[in-house]
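So the structure is just underneath, and the comments pick up after that.
The values are calculated or read from the model by the stated rules, or taken from the named source; none is laboratory data. Predicted model, so just to flag it, every value in this text is computed and none were measured. Note: ideal-geometry Cβ built from the backbone for every residue, glycine included; neighbour counts use all protein chains shown. Heavy atoms of the whole protein, side chains included, go into the accessibility calculation; ligands, DNA and RNA do not. Shrake-Rupley method; radii C 1.70, N 1.55, O 1.52, S 1.80 Å.
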Amino acid sequence: MRIRTSAAALAATVALPFGAAQATDLEVTHWWTSGGEAAAVAEFAKAFDATGNKWVDGAIAGAGDTARPIMVSRITGGDPMGATQFNHGRQAEELVASGLMRDLDSVAEAEHWRDVVNPPSLLDSCTLDGHIYCIPVNIHSWQWLWLSNQAFADAGVPVPSNWTEFVTAAPALEKAGKVALAVGQQSWQMSGVFNQLLLGLGGKDLYLAVYDQKDAEIAGGADVAKIFAALGDARAISKGSNVQNWNEATAMVISGKAGGQIMGDWAQGEFQVAGKTAGTDYACLPGLGEAQFITTGGDAFYFPKLEDPEKSKAQEVLAEVMLSPETQVAFNLKKGSLPVRGDIDLSAANDCMKKGLEILKAGNVLKSTDELISPDTTTQINDLMSEFFSSTMTPADAQTRFAALIESAD
């Protein structure tokens, strides 16, 4: 089915059930502030405004690690926003358990979310005690190695087809004055590198043994030791990438200053804003060109309980808008992510997005770490990886500490 976006049509299908009298301002907090992210979130705002309501943008700079504590503090402190972004998974469990978030059961039933959200695990991650508390808006997979075709041409070596070839090409890139691997100096980015090496080089069973089964013996064993050795390679070839934010590291790849970056598919939005074409200006390797799996991480919106009945009704309108076919197409094409609906046409997708869609269609998807481990465990692993990248800690010592974290993980 071909989907065509139309603000007028969207207004007719979404606004009418609630009536113009219900229109109101609704503050929405999120951490989408890069160029590609801003272009994507503008599609949500445009669609919501078309209903007669008003999207009040509450962007918080600094990515999720910075934004989430602010969002949580506002909700627990009695100053809730109308809707807020989290990653779907376990990040809002305590807020839900404390009775601070409203369920979306009536909207989900009316809009048949159970029939259209694909894979079903996305909606399961929004469900607690049988009630749906969030709406997943995309599938963001972390498992990508983004490559600058210009950087490899300048270095006189072919564009790699997998991680092993990438590491082998690193000396040529460095000789040409490039940083081989761009990594921003934030702990979550460094954990991301490790997690993608774990799945890409170690495979599905090893990834699940560590993060789903939380097997500390395997986490401290020989197979994971190989992953930490590869992490040591990543640390060595990332020297010189002295940027802070992920999109700054992406910009190094876009400009040809760096050979590649391990980052989620949200990086694709930056390439689009820069006018770069997949397959011509840059290449993308899902699963680092090794294991062809992606995780079903991504973004979801939660809705705090509000006393104002008009704003509560506007929350329901926003939930409908975000999961409508039209908005799913417009948002995800700019975000670089995959849609959560399995019934929409994405013929306009570029080469990289099509690779992700093929993996999704094949069913080669796994739960993300956000869905498998608690925020506390995530923070501890982030801290470990940050220390590893900024020090001379040996891979063996890092693995010993990692295995201990997995043993105590919840």
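In whole Å, how far is the Cα centre of the range 285-330 from that of the range 331-410?
Result: 17 Å between the Cα centres.
Determine the gain in length on full extension of the stretch Ser374-Asp115; use 0.36 nm per residue of separation and subtract their C-alpha separation, reporting nm with one decimal. Display every interim value, and only then the final one.
On the way: separation 259, 0.36 × 259 = 93.24 nm, distance 2.83 nm.
Between Ser374 and Asp115, full extension yields an extra 90.4 nm.
So what are the three principal axis dimensions of the range 156-253 from its Cα atoms, in whole Å, longest to shortest?
On the principal axes, the range 156-253 reaches 42, 27, 18 Å in Cα extent.
From the phi of every residue in the range 273-278, what ³J(HN,Hα) in whole Hz does the Karplus formula 6.51 cos²θ - 1.76 cosθ + 1.60 yield, where θ is phi - 60° and glycine or proline is x?
Along the range 273-278, the couplings run 4, 7, x, 8, 10, 4 Hz.
How long is the gain from Glu174 to Lys226 if the chain were fully straight, where each residue apart is worth 0.36 nm and the alpha carbon distance is subtracted? It would help to have the intermediate numbers written out before the result.
On the way: separation 52, 0.36 × 52 = 18.72 nm, distance 2.41 nm.
Contour length minus the Cα-Cα distance gives 16.3 nm.
Can you find, among Thr378, Thr394, Ser408, the residue farthest towards the positive end of the dipole of the range 369-410? Put +1 on the C-beta of Lys and Arg, -1 on that of Asp and Glu.
Projecting each Cα onto the dipole axis, the largest value belongs to Thr394.
Show the residues, 5+ positions off or on another chain, whose built amide H is closer than 5 Å to the amide H of Thr295.
Trp142, Gln143, Leu366
Note the direction-averaged projected area, equal to a quarter of the hull surface, for the Cα convex hull of the range 95-157, in nm². Working shown, then result.
Details: hull surface 28.2 nm².
Projected area, direction-averaged: 7.1 nm².
Carbon-plus-sulfur fraction of the accessible area of the chain, 1.4 Å probe, in percent?
Values: 7870 of 15910 Å².
Taking all protein chains in place, the chain shows 49 percent carbon and sulfur surface.
For the range 342-350, what does the Karplus curve 6.51 cos²θ - 1.76 cosθ + 1.60, with θ = phi - 60°, yield as ³J(HN,Hα) per residue in whole Hz, taken in order and with x for Gly and Pro?
Per-residue couplings from phi come out as x, 10, 10, 8, 10, 5, 7, 4, 7 Hz.
Net charge near Lys355: determine it from the other residues with C-beta under 13 Å of the C-beta of Lys355, scoring Lys and Arg +1 and Asp and Glu -1. Write down the numbers at each step before the final one.
Details: positive: Lys354, Lys361; negative: Asp265, Asp351, Glu358.
Charge balance in the 13 Å sphere: -1.
So if I place +1 on the C-beta of Lys and Arg and -1 on the C-beta of Asp and Glu, and nothing else carries charge, what would the dipole magnitude of the range 296-410 be about its Cα centre? I want it in debye, nearest 20. Kindly include the intermediate steps, with their values, before the conclusion.
Working: 11 positive and 19 negative charges, 86 e Å.
My answer is approximately 420 debye.
Can you show me the helix-derived [θ] at 222 nm for the chain, built from DSSP H runs with n ≥ 4 at -39,500 (n - 2.57) apiece and divided by the number of residues, rounded to the nearest 500. Don't skip to the answer; put the middle values down first.
Numbers: 21 runs with 207 residues, N = 410.
Taking each H run of at least 4 residues, the total per residue is -14500 deg cm²/dmol.
Tell me the volume per residue, in Å³, of the convex hull enclosing the alpha carbons of the range 258-410. Present the calculation step by step, with values, prior to reporting the outcome.
Values: hull volume 27.5 nm³, N = 153.
Convex hull volume per residue, Cα atoms: 180 Å³.
To test your reading of the geometry: what angle, between 0 and 90 degrees and rounded to tens, separates the Cα axis of helix 63-76 from the longest principal axis of the chain?
That works out to roughly 40 degrees.
Out of residues 5 or more away from Ala180 or on other chains, whose amide H comes under 5 Å of its own, with H placed 1.01 Å from N in the peptide plane?
HN-HN under 5 Å from Ala180: Gly259.
Report the Cα centroid-to-centroid distance between the range 252-267 and the range 190-235 in angstrom, as an integer.
That distance is 22 Å.
For Ala38 and Thr392, FRET efficiency with R0 = 56 Å and r from the beta-carbon atoms, rounded to 0.05? Spell out each step's value before the answer.
Values: r = 39 Å, r/R0 = 0.69.
Here the calculated transfer efficiency is 0.90.
Based on the Cβ-Cβ distance from Leu357 to Ala404, what FRET efficiency comes out when R0 is 30 Å, to the nearest 0.05?
Details: r = 39 Å, r/R0 = 1.29.
Rounded to the nearest 0.05, the efficiency is 0.20.
Would you mind checking the tilt of helix 222-237 against the longest principal axis of the Cα atoms of the chain, expressed as 0 to 90 degrees and rounded to 10?
90
Taking the chain as the reference, fit the longest principal axis to its C-alpha atoms, fit the long axis of helix 35-49 to the helix C-alpha atoms, and give the angle between the two in degrees, 0 to 90, nearest 10.
Around 10 degrees separate the two axes.
Taking the square root of 5 times each eigenvalue of the Cα gyration tensor, what semi-axes in Å does the equivalent ellipsoid of the range 264-318 have, largest first?
Numbers: eigenvalues 289, 56, 8 Å².
Whole-Å semi-axes of the equivalent ellipsoid: 38, 17, 6.
Explain nothing, just compute: Karplus ³J(HN,Hα) = 6.51 cos²θ - 1.76 cosθ + 1.60, θ = phi - 60°, for every residue of the range 314-330 in order, whole Hz, x for Gly and Pro.
Running phi through 6.51 cos²θ - 1.76 cosθ + 1.60 with θ = phi - 60° gives 5, 4, 5, 4, 4, 4, 4, 4, 4, 9, 5, x, 4, 5, 4, 5, 4 Hz.
First select every other residue whose beta carbon is under 14 angstrom from the beta carbon of Asp299; then total the charges, Lys and Arg +1, Asp and Glu -1. Intermediate results must be reported in sequence, preceding the final value.
Numbers: positive: Arg68, Lys334, Lys335; negative: Glu37, Glu43, Asp265, Asp370, Glu371.
Overall, the nearby charge balance is -2.
So what is the accessible area of the chain per residue, in Å², with the probe set to 1.4 Å? Numbers along the way, then the final one.
Working: 15910 Å² over 410 residues.
Counting only protein heavy atoms, the per-residue value for the chain is 39 Å².
First measure r as the distance between the Cβ atoms of Asp124 and Thr76, then evaluate 1/(1 + (r/R0)^6) with R0 = 22 Å and state the FRET efficiency to the nearest 0.05. Don't skip to the end; give the middle numbers.
Numbers: r = 26 Å, r/R0 = 1.16.
After rounding to 0.05, the efficiency reads 0.30.
Could you tell me the extents of the chain's C-alpha atoms along the three principal axes, largest first, rounded to whole Å?
Over the chain, Cα extents along the principal axes are 65, 46, 36 Å.
Under the rule of at least 5 residues apart or a separate chain, name every residue whose amide H is placed under 5 Å from the amide H of Arg341.
Asn118
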